[in-house]
1. What ³J(HN,Hα) values, in whole Hz, does the Karplus curve 6.51 cos²θ - 1.76 cosθ + 1.60 give for the range 438-452 when θ = phi - 60°, with x put for Gly and Pro?
2. I need the Kirkwood Rh of the range 216-264: take the reciprocal of the average 1/r across all distinct C-alpha pairs and report it in angstrom.
3. At 0.890 mPa s and 25 °C, plugging the Kirkwood radius over alpha-carbon pairs of the range 92-247 into Stokes-Einstein gives what diffusion coefficient in µm²/s?
4. What is the order of I226, I508, fewest Cβ neighbours within 10 Å to most?
5. Rounded to whole Å, give me the distance from the Cα center of the range 372-448 to that of the range 279-348.
6. Can you sort E52, E38 from fewest to most other Cβ atoms within 10 Å of each residue's own Cβ?
7. Working from Cα positions, state the angle (0 to 90°, nearest 10) between the long axis of helix 653-677 and the longest principal axis of the chain.
8. Using packing as a proxy for protection, rank 125-135, 544-554, 488-498 so that the peptide with the highest average count of other Cβ atoms within 10 Å comes first.
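Read-outs throughout are calculated quantities, based only on the coordinates presented, and are distinct from any laboratory measurement. The model shown is predicted, which means the values in this text are computed figures rather than measured ones. Quick reminder, even Gly has a Cβ in these numbers, built from the backbone with ideal geometry, and neighbours come from all protein chains shown.
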Amino acid sequence: MQPRSTGCRTALLAILPAAALLLSAAARAQTSDPLPPETVLVTGSGAPAATEESFSIAAVASGSTQPDLLVTFTDLQAPAALSAASVVVTQGATIVGTTSLAAQATTATLVLPAAVGQYTLRVIGTPNATAAIPAGSFTVCVAPKATPTACIADASVAGSVATQSTTADPTVSTLAETLTVAIGGSYTFTYGDDQFPVALKVPPTLALFQGSAAIAVPVPASPATITLNPGTYTLLGFAQADPTLKAGLYGITIAGPPGVLLNSAYPVGLLGPASPVNNPSAQSLGLTVKDFAFPAALASATAVVTSGGTLLGTATAGGGASMFTAPMGALQVWSNGVAGTTGPGTYEVDLTASSASLLQLDLGIGNGSSFAYALTTPNALAAASYQATGNDFQFPSALTSLQFAVAQNGAILAGAKASAPGTVNFTAAAGPAVLLVAATPVSSTGSGLFDVNIQTSGSAAQLVFDQVQPVSASGGFTSQLVPLQAGSYDVTLTDLDFPTQFATLALIGSSNGASLGKVYGSGTSTITATSGNYQFTLIAIPASAQQYGLYGLQIANSPATITSFAASPATVTVGASTTLSWTTTNATACTGTGTGFAGSQAMGSGSASVMVAATTTYTLTCTGPGGSSNPQSVTVTATTAPAKSGGGGSIDMALLGLLGALGLVRSRSMNACNALKDPNKSVSRYPA
């Protein structure tokens, strides 16, 4: 991410009670989200810095129509017309409007319909590279659409677009120092090449100005005596490092009547910044450089100590301790390592006074295709057994290789070395430990992400050190720690496609060495957290030939969700019972409706037996930190029992026929019997 010109203002179109201001249409009653919706503009290396302005528009009085706003961009064509320019206005994590200059046009507009709430306006542009001065200027007017020239002062902005200077040759460095001379007199300028790590290709050249007047151009060879009057001066310096190592160092001391006016060392080329050290007293110090030879031996490793512009001592790997006397006060330690032909390497620089350590500096040196890191625990370890773990997060892609080791006191501990992701066990002495790591992405332009951590041994392991480390030659990584309470969270990343889609956009959440969720491009990942800090790492690389990219990001409390709601059975007879059962997530309260089910219900999982007097629809609604769930309903159908005949109920027709036949047989038998008893008695006749 680049520095941005930022303003934050409030434009009130109407005065309302404070509670009515800045209400988003999407606002919901909930616990505050850990990371409210935001947009982030990514600026590529060498691109002009974007102009950014934040402003608020309040709602008008109830019953009135919220006015539309018109945003007008104007290219002032001073000192030259812009080659291109675009304006984007965002709200939360979304784009609400964009506009760009058309060919030959000097103005562009966009409308913000019924504008209300917090907005951020950004301007990106390209100056005319063929102009005598490759720069341009512009204004942006935000005004009611009905009166487009009535610019709202706190929402409008003026700015400029200029080509950023880039270092064509990384071996070249310049300096500009302001010198304030309080007492006039003769001043001695002493300066020279410290020949660290090797001699400069071009030794320092100095020039002294007062305002636009040249005082000494160039400053004579060191030591040079120059008479200065009271006033403010500008000292310019130029030097070029060795073309092979691309690093160098020189010092400048200026002393006069009141004492030392300037006393400093200056790096040249790719030499990194110094590590400051406070020497408590004038004493003898020892400087040592140790090559860990992990994963491979370095071609060279050196360090020097300076006091201001004075070189005090130098040490090299394998050369033993360098002893020298140092004054009391601020010292600077400079270091430089060169990778060998077989891979990257790691080394340590130690500065000691008697047996006390003043500085332990651990460093990794890459070799172009692989990267090396030396990560020191911020707190000393107790003498005990530990386990170290290295984990490839495979984000945005898997690493080709990941190696790690644990070192203390300039040496790798026994058994504490791994050639692949995994865990090693080691025993540490009391004191800080260093995790040495070598990682290789899929290509020289690829990227990756790994985690290394140290935990205590045993069944109740405690995390004592954890670091997530990006691996990238092209940069693009950002990372932040977000404190979360126990609960569920939705992490949403959105590629806003402005001015076009990112070449690479991805986000990962992690904790204690474990990946919790990833999003590639645009999407949402839901994570479950316990209380603690969580790390969110994002890689954002604009598309090829693009200098900018815009994305939206939000970490929100997950809304309550009803994952299941059912009735068993779903059909019953009138007056019978059914069982309602349900499961929920992220709920802090649930409410039911329907006869026998109305009122507060259990969260998580629950069931209830209800008597069904008629066909009934039962509804369950839950709320949580992230808002309410969608109501879930289930309908239970009630049926009536079949009707019964009088006295004894219905009789099957086949059974009636059988009974009739039996009656007929019995009647005939009785007639035959009577005829035998009284032959003169007539006999009834029945049809056959």
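1. Values per residue, Gly and Pro as x: 10, 9, 10, x, 5, 7, 5, 10, x, 9, x, 8, 9, 10, 10 Hz.
2. 13.2 Å
3. The estimated diffusion coefficient comes to 116 µm²/s.
4. I226, I508
5. 23 Å
6. If I rank by nearby Cβ atoms, fewest first, I get E38, E52.
7. The angle comes out at about 20 degrees.
8. The densest-packed peptide leads the list: 488-498, 544-554, 125-135.
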